[in-house]
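What follows is a set of notes on a single structure, which appears directly below.
The values are calculated or read from the model by the stated rules, or taken from the named source; none is laboratory data. Source: prediction; values computed, not measured. Because the Cβ atoms are built from the backbone with ideal geometry, glycine has one as well, and the counts that use them run over all protein chains shown. SASA here: full protein model, heavy atoms, side chains in, ligands and nucleic acids out. Shrake-Rupley method; radii C 1.70, N 1.55, O 1.52, S 1.80 Å.
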Amino acid sequence: MRTINDADVDIRDRELVITRVFDAPPALVYKVWTEPEHIKNWWGPGPFTAPRCEVDLKVGGEYLYVMRSPDGQEFTVAGRYIEIVENQKLVYTDDMFKQADFWKKMIGSKVGPDVDFSTLHLIVMVTFEDQGDTTNFKLVTRFVSNEVRDAMAGMMMAEGWTSSLQKFATELSKI
């Protein structure tokens with residue numbers, strides 16, 4: 001385990017696990033995590049912005065975020081909600097297949113030929129554990145294989161997430 005940007009990062013079998021404590025109750029952390037007007041202010045690492053954010057927060061509902069780099073390149077992140085326990089837990093997909101060509105170009109040479117980019121997705125679980133005045137936040141990303149996990153970690157996924165969580169903490173502090 002290592003610490004990056006005030007968050008603990010652990011790489012496990014087919015998983016990337018990031019934990020952090022936020023100085024806010026779970027209901028507020030959950031609100032900032034799920035409401036588009038807040039997501040736009042923290043989604044994406046460092047200088048990236050999120051000019052588009054759509055959330056249909058229900059089981060089977062979909063989300064779509066567009067992340068823009070400082071040079072104007074846009075990256076779409078989309079998926080659907082699998083499980084929702086308000087203020088406690090979210091489970092959703094990250095449907096990488098919606099940008100199959102991009103991901104094939106980015107990590108294709110780092111993963112085996114068995115990876116089907118036309119169906120590639122991740123499962124993400126976020127928990128908000130009540131600790132009184134604080135929330136123990138945990139983000140678990142489950143990959144289809146360790147090869148895909150390692151290829152994406154090579155793209156600094158952990159650093160990107162922990163940077164986003166710094167912006168998330170700033171957004172929390174404004175409420």
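Can you find a residue in segment 92-109 that is open to solvent by 50 Å² or more (accessible area, probe 1.4 Å) and under 15 Å from the mean Cα position of the chain (by Cα)? Before you say what the answer is, go through the steps one by one.
Filtering segment 92-109 down to residues open to solvent by 50 Å² or more (accessible area, probe 1.4 Å) leaves 97-98, 101, 104-106, 109.
Restricting the remaining residues to those that are under 15 Å from the mean Cα position of the chain (by Cα) gives none.
No, segment 92-109 contains no residue that is open to solvent by 50 Å² or more (accessible area, probe 1.4 Å) and under 15 Å from the mean Cα position of the chain (by Cα).
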Open item on the list: So if I check each of 148, 144, which one is β-branched (Val, Ile, Thr) and free of Cβ contacts under 8 Å to residues at least 60 places away in the same chain?
Closed with: 148
TODO: From (1) of a type outside the set (Gly, Ala, Ser); (2) open to solvent by 90 Å² or more (accessible area, probe 1.4 Å); (3) at pLDDT below 95; (4) within 15 Å of the chain's Cα centre (by Cα), pick out the condition that doesn't hold for residue 67.
DONE: (2)
Open item on the list: Can you confirm whether residue 106 is in contact with a Phe, Trp or Tyr (Cβ under 7 Å, 6 or more places away or on another chain), touching a residue at least 24 places away in the same chain (Cβ under 8 Å) and under 20 Å from residue 14 (Cβ atoms)?
Closed with: no
TODO: Output the residues belonging to segment 123-160 that are under 22 Å from residue 25 (Cβ atoms) and either surrounded by 20 or more Cβ atoms within 10 Å (Cβ to Cβ) or hydroxyl-bearing (Ser, Thr, Tyr) (or both).
DONE: 127, 128, 134, 135, 137, 139
Open item on the list: What's the total number of residues in segment 28-46 that are open to solvent by 40 Å² or more (accessible area, probe 1.4 Å) and β-branched (Val, Ile, Thr)?
Closed with: 0
Task: segment 15-27, residues that are assigned to a helix (DSSP H, G or I) and buried (at least 17 other Cβ atoms within 10 Å of the Cβ) - done: 26
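Name the residue that is modelled with the highest pLDDT, counting only residues in segment 109-134 that are closer than 21 Å to residue 79 by Cβ and of a type outside the set (A, V, I, L, M, F, W, C). Before you say what the answer is, go through the steps one by one.
As a first pass, look at segment 109-134 and keep what is closer than 21 Å to residue 79 by Cβ: 111, 115-128.
Okay, now just the ones that are also of a type outside the set (A, V, I, L, M, F, W, C), so 116, 118-119, 121, 127.
Working: 116: 82, 118: 76, 119: 79, 121: 84, 127: 98.
Across segment 109-134, the extreme among qualifying residues is 127.
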TODO: State yes or no: is residue 174 within 15 Å of residue 4 (Cβ to Cβ) and of a type in the set (D, E, K, R)?
DONE: no
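Suppose we keep only residues that are in contact with a Ser or Thr (Cβ under 9 Å, 6 or more places away or on another chain) and open to solvent by 50 Å² or more (accessible area, probe 1.4 Å) within segment 49-61. Which one would you say is nearest to residue 159 (Cα to Cα)?
Just the residues of segment 49-61 that are in contact with a Ser or Thr (Cβ under 9 Å, 6 or more places away or on another chain), to begin with: 49, 52, 55, 57.
Add one more test, that the residue is open to solvent by 50 Å² or more (accessible area, probe 1.4 Å), and what stays is 49, 52, 57.
On the way: 49: 16, 52: 22, 57: 27 Å.
Only one residue fits best here, namely 49.
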